[in-house]
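Below is one structure, written out as structure tokens; the observations come after it.
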Amino acid sequence: MKDRILEFLKRENKTSAQFAEDIHVQPSGISHILSGRNKPSLDFVIKMLERYPFLSTEWLIFGKGSMYKEPRMGDLFADIDFTNKEKKVNISASAEKTGFSETPDQTIIQEIISEQPHPGHSRAIKIVWFYEDNSFEEFYPLKH
């Protein structure tokens, strides 16, 4: 396990002091583990896995598989109700007036974006339209 911890530190570009601080253990404890004097305790392993949830338990303990857990993609459309297809989304008053089709004029999009409230004063950096034929179109409002 010592070698896997060393490999993890190297891959994450961390010093043993940074690592000790991250998992709230004494730097001397890390030094003793990395030198081979002590073996990592269960408490040490748990602290490490809690601090680095992307680290594979199987890899750390048994040396099996990949160092990192496989990334899991969330469902982009999980919270959207697709049952009412007649429902009309009110983007803004200017969008209603323009009646744009599938590919709106870029100046109209810019107006719509600037009218929308932005949480924490965030700005849209990219808008993507997905079409039924599996094609898509990208729009970067800050570049226009």
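Subtracting the Cα-Cα distance of residue 26 and residue 130 from their residue separation scaled by 0.36 nm leaves 32.3 nm.
For residue 64 and residue 11, a Förster radius of 22 Å and the Cβ-Cβ distance give a FRET efficiency of 0.80, rounded to the nearest 0.05.
When 126, 64 are compared by accessible surface with a 1.4 Å probe, the order from highest to lowest is 64, 126. Seen from residue 63, the other residues with C-beta closer than 9 Å to its C-beta sum to a net charge of 0, counting Lys and Arg as +1 and Asp and Glu as -1.
Per-residue accessible area (protein heavy atoms, 1.4 Å probe) orders 123, 11, 51 as 123, 11, 51, starting from the largest.
The values are calculated or read from the model by the stated rules, or taken from the named source; none is laboratory data. The structure presented is a predicted model; accordingly, all values stated were derived computationally and were not measured. In this analysis, Cβ positions are derived from the backbone assuming ideal geometry, glycine residues included, and neighbour counts consider all displayed protein chains. Remember, those area values only see protein heavy atoms, side chains included, never the ligands or the DNA or RNA. Shrake-Rupley method; radii C 1.70, N 1.55, O 1.52, S 1.80 Å.
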